[in-house]
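Following: one structure in structure tokens, then a few remarks.
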Amino acid sequence: MTTLELVLGASTVLLAMIVLVLVATDDDDPSDAELDDETLRASVGDALRDLDLDRNAALIENHATEMRTLHDNVEQLHTDLEQLLTNPQQRGSFGEYQLETILADQLPPDMYGTQEAVIANLRPDAHVETSAGTVAIDAKFPLEAYERAVDAEDPAEQRRQETAFARRVEEQLEKIATAYVRPDEGTAPFALAFIPSEAVYYHLLTEEYDLLTEYGDRGVQVVSPLTLGQKLQLVKAGVHAQRLTDRAEAVQSQLDTLSNRFDGVADDWDTCMRHLRNALDRAEDADRAFDRLRTEFQRVDRLDDGQDD
């Protein structure tokens, strides 16, 4: 039974006892009014002790204190997070940390890196090595421009701020397209613009879809924490498939080498057998010649024996 159920039960009992007291005191029959105030108070006290309301009340108070503490901690965390996202430098660090955390959760260490010069001495916030080349990831986003666009109350001011926000986003996407989409220099045919805020990402999808499509055709894909994880799973699957292909090609290459060696050994064996057959034929010829020669010697021996007689 929960604490709340105990309190409700105790309240019900108390209410019933109060009703009984009122009925007893209002009864006109003097013979039924034998319960005095002291007896009633003692009965009520015994009932309260049996229900252990003091302990349950203390539990409720402890729970309430814990809830207040948790609420204060959540409010402090929310305040700290707002302060963190307000400072551009800290916000950038937060985005990079979030990006690195996602990469570490999704990929093995040999598949990614952070703040490394990988493309024409440029240092993206992170990069992933894929079968199609190096995928650069940029983690910057114009939060202030987004907040001004969202918080504007005047419709005309809101449109102006939304235009300014779109321009800032376009500038960032242009930088990514120019710096990190270089297939001729070893990059993949695309790069990723990481938006570490689902709210900003959703706003871009709904309000700046044409802009995202335009730069998507140029190889810049905008991702959020959720969609980045899905993208990395596809990248990892592609890398694993490429590694399996490479291993299959290596095995095929080894089989081709063994086949060539086998062909060489077969040629050598055929040559050896040919020589052996030739040697055998010559040995048989020599053996037949030897037999003829021996027959001649034997005939000469017989002639010599006949002259002696």
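Computed values, structure above
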quantity	calculated
Criterion (of a type in the set (Gly, Ala, Ser) and touching a helix residue (DSSP H, G or I) at 6+ places or on another chain (Cβ under 7 Å)) met by exactly one of 156, 191, 104, 179	191
Residue 174 being on the phi < 0 side of the Ramachandran plot, modelled with pLDDT under 90, surrounded by 13 or more Cβ atoms within 10 Å (Cβ to Cβ) and outside any loop (DSSP other than H, G, I, E, B)	no
Close pairs (9 angstrom Cβ cut-off, 6 or more residues apart or separate chains): touching a residue at least 24 places away in the same chain (Cβ under 8 Å) in segment 154-166, among the hydrophobic types (A, V, I, L, M, F, W, C) and loosely packed, with under 15 Cβ neighbours inside 10 Å anywhere	162/150
Number of the condition not met by residue 105 [criteria: (1) surrounded by 14 or more Cβ atoms within 10 Å (Cβ to Cβ); (2) under 17 Å from the mean Cα position of the chain (by Cα)]	(1)
Top-ranked residue of segment 119-157 - restricted to ones that are at pLDDT 85 or above and polar (S, T, N, Q), ranked as nearest to residue 237 (Cα to Cα)	130
Residue, nearest to the chain's Cα centre (by Cα), within segment 108-125, restricted to residues that are in a helix (DSSP H, G or I) and free of Cβ contacts under 8 Å to residues at least 40 places away in the same chain	109
Condition check for residue 128: assigned to a strand (DSSP E or B), under 15 Å from residue 221 (Cβ atoms), in the same structural domain as residue 95 (by TED's automatic domain parsing) and not small (Gly, Ala, Ser)	yes
Leading residue by the ranking (surrounded by the most Cβ atoms within 10 Å (Cβ to Cβ)) among those in segment 190-218 that are part of a helix (DSSP H, G or I) and β-branched (Val, Ile, Thr)	200
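The values are calculated or read from the model by the stated rules, or taken from the named source; none is laboratory data. Predicted model only: the values in this text are computed from it and were never measured. Virtual Cβ from ideal backbone geometry, glycine too; neighbours counted across all protein chains shown.
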